[in-house]
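Everything below concerns the one structure shown next.
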Amino acid sequence: MAVTAYTGHVTPGGVPGVHELARLVVTKASVGGSRDNNVYVLRDRFTGDELLIDAAAEPSRVLALCGEGPLRYVVTTHRHPDHWGALAEVVAATGAVTVAHAADAPAIPVPTAQVAQDGDRLHFGDVTVELIHLAGHTPGGLAVLYDDPTGPPHLWTGDSLFPGGVGKTRSAADFTSLLDDVERRLFDRLPDETWVYPGHGDDTTIGAERPHLAEWRARGW
């Protein structure tokens, strides 16, 4: 059977995309119907250990994506309900450790077992990821960085960075905070070939978005 190349495009209820890296296998699916929330299962291909980013909706489908795991962590990128709608059921079924940033954890009704700060690292199997705090879309937004030792970095940005701009903010101060954090903690640090997986919609790269930073700041969104 021919293997479909990973493009980063998935549709609600459609076939998941599978991005095969040397050590990590990334499965992306869209759940929640019209909300088109992306969920990501990161699996160490040699040990089977997994980390889930955003148990957004459709718990039975999310659990099917995880398979037999073991699922070690569920990272919730931010407090908005469309990103944790399936969290309680997934945790009850797997015993995974819940992770969220300290500023957003109190607003997530499923208890956060591991309260995160910027720079914290999570280990599953022989894979390590870093948590990066991005404040603005919500106070406690998190990105997840896998600095692949065999290739370019891979970055999951929740609703903080998308193709074409940063996430929605409610005030000029929040916008400035988010763009400042995205510019300093992502663009100033990561190379152009960094693959970016957002909380909704298609993937992008740091290089594709970098030329537009000044444009985003000037337009204010």
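Computed from the coordinates by the stated procedures, all read-outs in this text should not be read as laboratory data. Keep in mind it's a predicted model, so treat the numbers as computed, not measured. Here the Cβ is made from the backbone with ideal geometry for all residues, glycine too, and neighbour counts use every protein chain on show.
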Subject >> Any hit, the stretch 43-50, residues being of a type outside the set (Gly, Ala, Ser) and in a helix (DSSP H, G or I) >> reply: no
**OP:** Restrict the check to the stretch 92-107 and report whether at least one residue is free of Cβ contacts under 8 Å to residues at least 24 places away in the same chain, hydroxyl-bearing (Ser, Thr, Tyr) and either in contact with a Lys or Arg (Cβ under 8 Å, 6 or more places away or on another chain) or closer than 18 Å to Asn37 by Cβ (or both).
**Re:** no
Subject >> Residue selected from the stretch 115-153 under the condition of a type in the set (Ser, Thr, Tyr) and out of contact with any strand residue (DSSP E or B) (no Cβ under 7 Å at 6 or more places or on another chain), by the criterion surrounded by the fewest Cβ atoms within 10 Å (Cβ to Cβ) >> reply: Thr150
**OP:** Scan the stretch 108-132 residue by residue and report those that are out of contact with any helix residue (DSSP H, G or I) (no Cβ under 7 Å at 6 or more places or on another chain) and closer than 24 Å to Thr205 by Cα.
**Re:** Asp118, Gly119, Asp120, Arg121, Leu122, Val127, Thr128, Val129, Glu130, Leu131
**OP:** Looking only at the stretch 170-188, decide whether some residue is crowded, with 19+ Cβ neighbours inside 10 Å and in a loop (DSSP other than H, G, I, E, B).
**Re:** no
Subject >> Test: Val31 is farther than 20 Å from Glu130 by Cβ, in contact (Cβ under 8 Å) with a residue 24 or more places away in the chain and of a type in the set (A, V, I, L, M, F, W, C) >> reply: yes
Subject >> Tabulated pairs, the stretch 180-191, first free of Cβ contacts under 8 Å to residues at least 60 places away in the same chain, second of a type in the set (A, V, I, L, M, F, W, C) and part of a helix (DSSP H, G or I), C-beta under 7 angstrom, 6+ apart or interchain >> reply: Glu183/Leu213; Leu186/Ile206; Phe187/Ile206; Phe187/Leu213; Leu190/Ile206; Pro191/Ile206
